[in-house]
Every structure is written in C-alpha cells, then in structure tokens.
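The values are calculated or read from the model by the stated rules, or taken from the named source; none is laboratory data. It should be emphasised that the depicted structure is a prediction, and the values quoted were computed from it without experimental measurement. All Cβ positions, glycine included, derive from the backbone under ideal geometry; neighbour counts span all protein chains shown.
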Amino acid sequence: MTSQHESAPALPEKHYLSGAWSPQDWLLTKDHKRIGILYLVGISIFFALGGLMAVLIRMELATPSGDLMPADVYNRVFTMHGVLMVFFFLIPSIPAVLGNFLLPIMIGAKDLAFPKINLLSWYIYMIGGAMTFYGLLVGGIDTGWTFYTPLSSGYATGPVLTVAVGVFIAGFSSILTGLNFIVTIHRMRAPGLTWFRLPLFVWGHYATSIIQILGTPVVAITILLVGAERLFHIGVFDPKIGGDPILFQHLFWFYSHPAVYIMILPSMGVVSEIIAAFSRKKVFGYKFVAFASIGIAVLGFLVWGHHMFTSGQSLYAGAVFSFITMLVAVPSAIKVFNWTATLYKGAIAWDTPLLYALGFIGLFTIGGLTGVMLGTLGFDLHVHDTYFVVAHFHYVMVGGAILGFLGGLHYWWPKITGKLYNEFWSKISAGIIFIGFNLTFFPQFILGYLGMPRRYHSYPEEFQVLNILSSAGASILGIGFVIPVIYLLASLANKRYAGNNPWGAVGLEWQIPSPPPTENFETPPVVTDEPYTYPQPDEKEAPVGV
Amino acid sequence: MTPNTPIFPQGASTYSTEVDILFYVYLGLAAFFTVAIFGLVTVFAVKYRRKKATDVGVEPQGHATVIEVTWTVLPLILMLGAAIWGLKIYVQQLTPPPNAKEYYVVGKQWMWKIEHPDGRREINELHVPKGEDIKLKMTSEDVIHSFFIPAFRIKVDAVPGRYNTMWFNAAKTGTYHLFCAEYCGVDHARMIGRVVVMEPHEYQEWLSGTKVRAATATGEELFVAKACNTCHRPDSSARAPILNGIFGKEVALLGGKTIVADDEYIRESILNPGAKVVSGYQPIMPTFKGQLSEEEIIQLIKYVRSLSPGADKGVPKTASLAFSSSAEAHP
C-alpha cells in the first residue's frame, strides 16, 4: 500500500498523544486534535445508546402484536432513538470529530481560530447530552423526536422539558463549532491556499457551518416556546389557549430540514476526499462540487414546507415548496455524477475507505431519488408519515451520513492514531454493513407504499413478512457496527505504524507525521497547487507521496 | 384483507390509480438512475483498478462544461415535470366536487368519530357508497391526528382548531384499512379502523338498519340548551344576526369587510365571537370556548346550515382551493 521507499514507518518521537495524559491534560486541552478525540468518545456513547434503542424497536416489530413492551414504553424508545441519533450523534459526528481534527491541518493552521471556545463547545455538548440522558433514566419522553405540538406541549408525560432543554443546550455547541470553522476558514488559511485550492472537505464544512449558525437559533427559540407553553400555559401552539399547532411545524422544520444537510454535507466532503485519494485524480468538476455544497446550504433553507403537505397548508405554499425541493435535489445530483466521473480512468485502490465511499454513492442515490418522490405533492399524500419516509431518511442518514463518517474514520484513522487497522476485518465489516443496511431498510419502502404508518407499536398481520426481513437485516447491521469497534481499538495496541502517508495521497494532512505533532506543522506550509494534484506520468519524476 | 404478503397495495378509488401511475413512472426512472450509477461505479472500479502501487489517475483534457450543464439541466427538467404532474394530482385532491356528500370526522385520543350526512354516527368505521363523491371534513379534539386510507392513497391531518377536507370516490366495494398516520400519543397504533365501501343500495339498507335522529336534532337542542336562541331569533328585536338563510352568503362585517358565512366562520364566531362581528350589531356575545366539544360545534354548524335550505349545494368559493382558507387567515 505504501509507496514510500523508506525504512519501515515508526511513530514520531513527539506527537499530540505523547504529551501528558493526566485528566486535566485531556479535559482542559485546547488542542483541536484532542478535542476531536473527546468528541469521538462522546458521540460513540450516544451512538451506542441510540443503537440499543434501535435494537429494541426492531425486536418489538418482529411480531404484529405489541407483545415485547407496552405501547407507552415503545413510544419512549423510538423517541429516544431519534433524539439521541439526530441531536447527539448525526449532527456533531463528522464536523465535531473529523472536522475538528482535520480542518486546521487541511488549511495549514496550528489550531482553530478560537481553541477555548472549541473546548467550551464540547462541554456544552456533554452537558446537553447528560441532561437528555438523565431524562432517559427517569423514564424518557414519548413526544417523538419531532416534538410536535400540542402533543409535546400539553399532552405528553415524562420529563419533556428536561430533554428539550438538553437539546436546546446542545444546539449552542453546534453554533459555536460552526462559528469557529467559518472564522478559521476565512482567516487562517496557509499562504497560497486560495478558496479554489481548498479541499472539498473544507467546502463541505463551510456550507455546514453556515446552516449551523443560521438555523440552530430557530430551533432553540422553538424549544423555549414549547417550554413556555408547558410551564406557563402561554398560548403559542395549542389552539385551546389561542395558539396554532402548525406554527410549530413551520419553526421546527425551518431548522430541522436544513439540519439534515448539516448531517449530509460533511459526509459529502469526506466522500470527495476519499474518491480523489483512492483514484489518485482530481475530483471531476471541482468547482461544481464546491458550489453545490453552498447551493444545498442556501436552498435547504427554503424547502421546510414539504414536511407539511398534509397539514392543511395552502395549495400555493405546497406548490412553491415542492418546486424548490426539486431545485435542492439538483446540487446533490451534480455531486453524484461528478464522483462517478472522477472514477473514470482513475487508478483505483479498493481499500476500506473507498468501499464506504462507493456504498455512500449508491445508497445516497436511492435516498435522494426517494426524497424527490416525497417532494412530489400528489405522491406525498399517500406515503407521508409511512415507512416510506422512514426508509428514505435512513438511506440518507445511515446509508449517507454514517457510511461517510465510517469511511472518513477509516481513511484518517492512521493519521489520527498513527496505527494501521486490520484490512481484512475492515473490508468484511464494510460488506456486512452494506448488506445489513439494505436488508433493514429496503423492505420499509415497500411497507410504506403498502400503507404502514410510522411509529406504530403494533401492525396488521399482512405486514409481518417485510418487518421480519427488516428486523433480520437490523441484526446483521448491528454486527457490522460492532466489528469496527473491536479492530479499531485493537489497532491501538499493535505496532503496525502508519507512517506519514499510508495511502499515497496528496493533501496537507498527509505531509505531516502520524499522529501529528501538537503544533501540526513545524514550519507553516505554502500551497502552490490545486487540491488532488497527482503528478501525471509524463511529468512524473518522484514517486507519488511526499 | 389478505393474510398473505402483498408487494403492491390494493387500489380502490379513482384517485388511487392516478397516484399509482405516477409511482410506476417514478419507479422506472429511479431504477434507471440507480442501476446506471451503481453500474458505472462498479465498472469503473473494476476496469480502472490500480495495477501498480505508483499508478496515478489520468486527468481528462480540456473543459467539461458541456457535460456539467447536461447533467444539471436534464435531471432538473425531469424533476420539474414530475413536480407538475404531482401538483396536478394534488389540486384534484384539494378540489372536492361541489355536490360531494359531506361527512364530518373528529379525531380524538385514540379514536375516530364519524358522522354521516343523515346524522348517523360511527366510531373507527366509515361506511360509504361506491361510485359517489364523498367529502370528509375533519378536525381534532386534542392533538394532531391524520386520517389515512392507504387503498385510496390519501391522508389528511386532523388538526385541532381548523377544518381540513379530503374527498374520494370509491371504485371498488370492500373493506379497507383506516389508519391514524400522525403520531398522537400512547395508543397511536390502535387508532385504526376500517372503511367499508358498499353498493349504493346496500348502503341505503345499512343506513335504514337502525332509526336515526334527524341530522340536526342534536344541534337544535344544543342551540336551545346554550341559549343561543335568546339572541339569534328571527324577529325584529333580535340582538344578534338572524341566522336563517345566512349560510354560504356574504355578510358585511364591522369595519367594512365582508366574509362568506361558512363552517369556519361559524366555528370562529362560536369560540371567538369578537373577532368578526356582523355590521350593525354590538360585540356582546360571550365566548363558548371550553364549553363545547368539537362534535357539538359541528352539530351547531349543521343546525345553522339547516336554516338555509339549498345552501349546502354550493360550497363557498373561498374554501375551494385550500384545505381551509379562513383558518389560515386567522391562526
């Protein structure tokens, strides 16, 4: 794999992990790399918890009658699955872990612009997570992760406010991370690193940060209003006291639709990096891919009403939201076509990160196309709030966002830890995840078109066969998620050092030691080329790699 | 209901066929693009597999603007075409035929209460005649529910505080699922029932099976019980507008505006009487908020309607192109 003609790689003498390891060296660190690791620990805990909830859901749904747990408990389980996965795993996953670690290195900087705020945002995230976890421990809530009113504001029981405040607090972590990234990208790029020399991972995070800063305050305000209605009976959303329940849906989706782009844009950035590195080529249509990210971020703010086609929204509003939804699908399509074209005449190595990236392209295509279907007015009236929607957003969120995260984690794991993981098991588990994922969620498209509503604790018997397929797939998917935990942790103990550049990729992060030194670069780098510039055969003098 | 596992749902309305055709076209396009992308990715990954560790990819020569524009514009045209098609179907669903039979639906945790045009009531069951235009006007007593009949390919939310409408024309007799599609609390999954489509003569027999009170009897009783009749009475000394003949007509409001006296306006006037006072009267009516259930409000509306014979035929124009135009104007 390595193309370097040098002696077997060894760990650098001093790196960001080799310093002091007392609790305060981690808990008070201002090093973006260590903070990235802290986030990795945090999101892994919440992913495990959310995954446990998913296991319970699929076990209950293996039989038509609600026999495993009472309806009340089931509703709490799927609510917590959604809350934990969306707010405490998917939203922070790539930006706060990989973005935190890599963004400064990719632009040749020592750290983020505001290292202390970066640490603060981790604490805010953990406090929000702890509150939500406490809410789970004392019984959980049954509002659904969407907190629809007046159910959430006047009818649902349990610690609704505790969980809502937890989500509210975590939102500030997201805002601060976005702020930090935007300032860093604007102010701290290395000499020569112009906007169109930025890796697409950075473009993806820039677009994500815009959404985090502009969208998150709206959901924070919305949650406060729900709290005000629950506590003080101020009529905002409940029509019994003069409110309008549909207003909540407008406010909630004004954030939560762009939020799905918070989850997918960084993943798209990861895929661009992986495709370029493993075909050793420039990303085809670089500028189109870069601007597609910005286009998604902007248009993503104008489509929220497509969640409300059945709510009584006027025809004109419905028509406008439907058409803009078609527009926002275009930049996503552009990205898929450009990635595919990048592979053409590449020098393609089938390493684990590439398997994840190719899986992303395929599954995201299905997720995107079904999204276009859902954005079509007449069609949505049938499949809205059915398993068709559940399948669609899991294709985007698991098939897209999580495969992107896993791909990125495998691509940069040697950089982050300095160690190589087991290639055999990593490929096996990538295959298991792909198969398990499709078996879990493809039957749900059919279930949805047949009319099975989402969030059902029990269901008519004719839906059982497809539900059993889905539950069987989920157990395969679960195994696929456990295997990487084992071999990645095991890699820390072995002595298979990665060296600076195990993949023979270009990019600033591959020019420094693995793991990187605390200050990232001994001397500030100067950038002279477009990203992903691999020396072409006729001009090749030195072997690839630095 | 067949116990075996279906792959495609049964369709039982004129509308369901149109949704299915759109779905099949979509399915074809989606399958084409998915296979094309999967196929190209696989072919490239195999064909251009790295031979030597030092290999690099071959960069294309020249600019690719034509390619980029092509794969930007082509999908856009396809998608906009599909959006227009979907809009056409949606407009059809939002525009009930003027003479559709009107049923009322009230959702409450966790049941569907349905009232037929003749006053008969059902819970979690809806019997309808085949081949007739049926319009459902729905609201909710508590949280948001959603009235979903998969065999007809439609759902509409029952939202507290407003009336939404749905309509269909059942094409096949049979029994079909009725689901609540909007998560509504503990027993959401048990807020289910069935829709029974019958031959028109069977429906008539079914209707005459038990004696039904006149459709407006309860409303009239309520009108007296709540003392509405002390002010709203057809004589010259009335302190409130005469309701006879008013339904479906434009009325002049204080401040010079006018409004069509439809279901939404009557509902609002019961719950929030000061909001739109008829010109020439004082805003002296007390609110009945919290004193009437949604079903009772519907009974009162039906009684007021019955005071305007013939008005039921013409659906007020303002409500024809939106689920409920007046509820939106004054949330």
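Filter region B:4-31 down to the residues that are at the interface with chain A (Cβ under 10 Å from one of its Cβ atoms) and of a type in the set (A, V, I, L, M), then identify the one that is surrounded by the fewest Cβ atoms within 10 Å (Cβ to Cβ).
So the residue we want is B:I7.
Select from region A:467-500 the residues that are of a type in the set (S, T, N, Q) and modelled with pLDDT of 95 or more and list them in ascending order. So that I can check it myself, show each step before the final result.
Filtering region A:467-500 down to residues of a type in the set (S, T, N, Q) leaves A:467, A:470-471, A:475, A:491, A:494, A:500.
Passing the criteria: A:N467, A:S470, A:S471, A:S475, A:S491.
Go through region A:134-152 and report how many residues are surrounded by fewer than 24 Cβ atoms within 10 Å (Cβ to Cβ), within 21 Å of A:G242 (Cβ to Cβ) and without any contact (Cβ under 8 Å) to a residue 12 or more places away in the chain.
Matching residues across region A:134-152 total 0.
Which of the residues spanning region B:59-83 are under 20 Å from A:L381 (Cα atoms), facing another protein chain (nearest Cβ under 9 Å) and surrounded by fewer than 16 Cβ atoms within 10 Å (Cβ to Cβ)?
B:L80
Mind checking which residues of region A:350-391 are assigned to a helix (DSSP H, G or I), among the β-branched types (V, I, T) and under 12 Å from B:Y26 (Cβ atoms)? Quick ask: steps written out before the conclusion?
To start, the set of residues in region A:350-391 that are assigned to a helix (DSSP H, G or I) comprises A:352-374, A:377-383, A:387-391.
Right, trim to among the β-branched types (V, I, T) and you get A:352, A:361, A:365-366, A:370, A:372, A:383, A:389-390.
Answer for region A:350-391, where residues must be assigned to a helix (DSSP H, G or I), among the β-branched types (V, I, T) and under 12 Å from B:Y26 (Cβ atoms): A:T370, A:V372, A:V383.
What number goes with the only condition from (1) β-branched (V, I, T); (2) closer than 17 Å to A:T376 by Cβ; (3) crowded, with 23+ Cβ neighbours inside 10 Å that A:V320 does not pass?
Failed condition: (3).
Got a number for residues in region B:284-331 being among the small types (G, A, S), surrounded by 14 or more Cβ atoms within 10 Å (Cβ to Cβ) and either at pLDDT 80 or above or in the same structural domain as B:P234 (by TED's automatic domain parsing) (or both)?
Counting residues in region B:284-331 that are among the small types (G, A, S), surrounded by 14 or more Cβ atoms within 10 Å (Cβ to Cβ) and either at pLDDT 80 or above or in the same structural domain as B:P234 (by TED's automatic domain parsing) (or both) gives 2.
If you check A:A333, A:A329, A:A317, which single one turns out to be more than 7 Å from chain B (Cβ to nearest Cβ), in contact with a Gly (Cβ under 9 Å, 6 or more places away or on another chain) and in a helix (DSSP H, G or I)?
A:A317
Please go through region B:84-131 and pick out each residue that is surrounded by 15 or more Cβ atoms within 10 Å (Cβ to Cβ) and charged (D, E, K, R).
The answer is B:K101, B:E102, B:K108, B:K113, B:E115, B:R120, B:E122, B:K130.
Determine which member of the set A:G378, A:G371 is modelled with pLDDT under 95 and either in contact with a Lys or Arg (Cβ under 9 Å, 6 or more places away or on another chain) or over 19 Å from A:L200 (Cβ atoms) (or both).
A:G378
Just to check your reading of the model, which residue among B:V195, B:V159 is surrounded by 15 or more Cβ atoms within 10 Å (Cβ to Cβ) and either in contact (Cβ under 8 Å) with a residue 60 or more places away in the chain or in contact with a Cys (Cβ under 7 Å, 6 or more places away or on another chain) (or both)?
Residue meeting the stated conditions: B:V195.
I need the full set of residues from region A:379-391 which are within 24 Å of A:F360 (Cα to Cα) and either surrounded by fewer than 24 Cβ atoms within 10 Å (Cβ to Cβ) or over 24 Å from the mean Cα position of the chain (by Cα) (or both), in order please.
Hits for region A:379-391 are A:V389, A:V390.
Report yes if some residue within region A:58-75 is assigned to a loop (DSSP other than H, G, I, E, B), in contact with a Gly (Cβ under 9 Å, 6 or more places away or on another chain), surrounded by fewer than 19 Cβ atoms within 10 Å (Cβ to Cβ) and without any contact (Cβ under 8 Å) to a residue 40 or more places away in the chain; otherwise report no.
No.
For the list (1) surrounded by 24 or more Cβ atoms within 10 Å (Cβ to Cβ); (2) part of a loop (DSSP other than H, G, I, E, B); (3) more than 14 Å from chain B (Cβ to nearest Cβ), I need the number of the one condition that A:G108 fails.
Against the list (1) surrounded by 24 or more Cβ atoms within 10 Å (Cβ to Cβ); (2) part of a loop (DSSP other than H, G, I, E, B); (3) more than 14 Å from chain B (Cβ to nearest Cβ), A:G108 comes up short only on (1).
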